[in-house]
Amino acid sequence: MIEMSGAGFIGVTTYSEDSELLLELLGAGRRLADKLGVPLSAVLIGNVIDEEKRKEAIRHGADKVYVVEDPKLEAFGVEPYRAALLGAVRDVSPEVLLIGGTKRGKELAPRVATALETGCMSDCVALDMDSERRLVGRRLTYGGSTIAEVACLKKPQMATIPPKAFEKPAPSERTGEIVSLKVELPESKVKVVERRAKQQATFRIEDAPIVVSCGRGFKKKEDVKLLEELAEVLDAKVSCTRPLAADYHWMQEWVGLSGHKIRPKLYIAAGVSGTIQHVAGIRDAQTIVAINSNEEASIFNIADYGIVGDLYKVIPALTKALKEKLGK
Ligand SMILES: Cc1cc2nc3c(=O)[nH]c(=O)nc-3n(C[C@H](O)[C@H](O)[C@H](O)COP(=O)(O)OP(=O)(O)OC[C@H]3O[C@@H](n4cnc5c(N)ncnc54)[C@H](O)[C@@H]3O)c2cc1C
């Protein structure tokens, strides 16, 4: 049954444990809140929330910041965090709830939606309110080859938002209210016996203005050095297609539908065929350069500049030319 249930839902609320992504959600949320003429809020969850974090949310557009603090929230656990977010949302009763689409956000969002008996539109890359105050989201489907428009039919209207889908708003000196919420948290059914830091890239590929990527056109891991030399000249970060990371384990992370979605100023893809799954992660790059020996490769369909040739010859030549040009 489709039902636009209940009055009493007011405002747009945002939550992400990722501070950068939260600011992007505030950017998206501000536009929706202004259109609806309602306040925008952020939920912060943790053991002790830094004062600066609260102010930062206000500077980036929040009218209210709801803080849920508890020693049980020291480290992420899906049960206490679900209870904390759910408690905050029940208190605030927003018309729209945006959750950062990180791994943790995606664990929380469906659990919160189920508890609230509402739906959740996942991975929305664009959002708007229609004339009936329905949240309408756009999401990539069929491996990024099409865009589906979806709408929420129950409230609170929920969506998860991937990183870099929305611009972080410029900060401004504005005032807002900070509200501490007391939420009853359950005893965890999970006992953490040990925590080990995951080996992670020391940078966020999403933040790199220039990214150079390798694909299966590279014959062996050592050859990636060619791309690293090019990256050094350009002050770029190196990434790859999924098979190089997930199958060959040459790198930890990749770009694409199931990897990072990036929007650098310049993206250079070498030995990358350009499947829809890869393109889904780079479609918002400002300029795409492709190097591929097969002139029929699909990557050329989206590339702004294409170099048909053997990457083992093209990349060293490009690196040399750029070194000379940039005086490096
Ligand atoms: C559910 C799902 C999710 C996926 N998610 C992702 C994702 O997020 N990201 C992703 O990348 N993939 C993803 N994939 C995998 C994707 O479908 C492709 O298999 C992958 O992108 C292909 O990687 P590639 O371009 O490196 O390899 P290939 O498709 O094998 O292409 C290699 C290219 O190198 C060129 N080449 C070969 N030798 C040379 C040379 N000497 N010089 C120049 N060019 C050369 C070839 O012409 C070819 O075009 C996903 C798949 C599935 C099913």
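Numbers for the structure displayed
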| read-out | value |
| --- | --- |
| Local electrostatic count at GLY27 - Lys and Arg +1, Asp and Glu -1, tallied over other residues with Cβ under 10 Å | +1 |
| Estimated FRET transfer efficiency when R0 is 41 angstrom, pair GLU324-GLU173 (beta carbons, to 0.05) | 0.30 |
| Alpha carbon convex hull of segment 31-175, projected area averaged over orientations, nm² | 9.1 |
| Cα gyration tensor, segment 256-328 - rounded (a/c under 1.5), prolate or oblate | oblate |
| Span per principal axis, largest first, for the Cα atoms of the chain (Å) | 64, 48, 41 |
| Estimated vicinal HN-Hα couplings, Hz - segment 292-298 in sequence order (Karplus 6.51, -1.76, 1.60; Gly, Pro = x) | 8, 7, 9, 5, 8, 4, 5 |
| 5 angstrom amide H check on LEU44, placed H, neighbours 5+ away | TYR66, VAL67, VAL68 |
| Rounded percent of accessible protein surface that carbon and sulfur make up, the chain, 1.4 Å probe | 50 |
| Amide proton proximity set for ILE291, modelled H, under 5 Å, gap of 5+ | ALA269, ALA270, GLY271, VAL272, ILE307 |
| Helix 19-36 vs. the chain, principal-axis angle (Cα, 0 to 90°, nearest 10) | 60 |
| Radius 11 Å from Cβ of SER293, net charge of other residues (Lys, Arg +1; Asp, Glu -1) | -2 |
| Charge sum, other residues only, whose C-beta stays under 9 Å from PHE9's C-beta, Lys/Arg counted +1 and Asp/Glu -1 | 0 |
| The chain, relative contact order in percent, only Cα pairs under 8 angstrom and at least six apart counted | 15 |
| Bridge type composition, the chain - antiparallel percent by DSSP, nearest 5 | 20 |
| Cα long-axis angle, helix 311-326 against the chain (0 to 90 degrees, to the nearest 10) | 80 |
| Separation between Cα centres of segment 185-222 and segment 26-55, rounded to whole Å | 27 |
| DSSP-defined antiparallel bridges as percent of all bridges, segment 1-142, nearest 5 | 25 |
| Dipole moment magnitude, nearest 20 debye, segment 12-181 about Cα centre, only Lys, Arg, Asp, Glu C-beta charged | 400 |
| Whether segment 179-320 is rounded, prolate or oblate, judged on the alpha carbon gyration tensor where a/c under 1.5 counts as rounded | prolate |
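The values are calculated or read from the model by the stated rules, or taken from the named source; none is laboratory data. Fair warning: this is a prediction, and the values are worked out from it, not measured in the lab. Because the Cβ atoms are built from the backbone with ideal geometry, glycine has one as well, and the counts that use them run over all protein chains shown. Just so you know, the surface numbers come from the protein's heavy atoms only, side chains and all, with ligands and any DNA or RNA stripped out. Shrake-Rupley method; radii C 1.70, N 1.55, O 1.52, S 1.80 Å.
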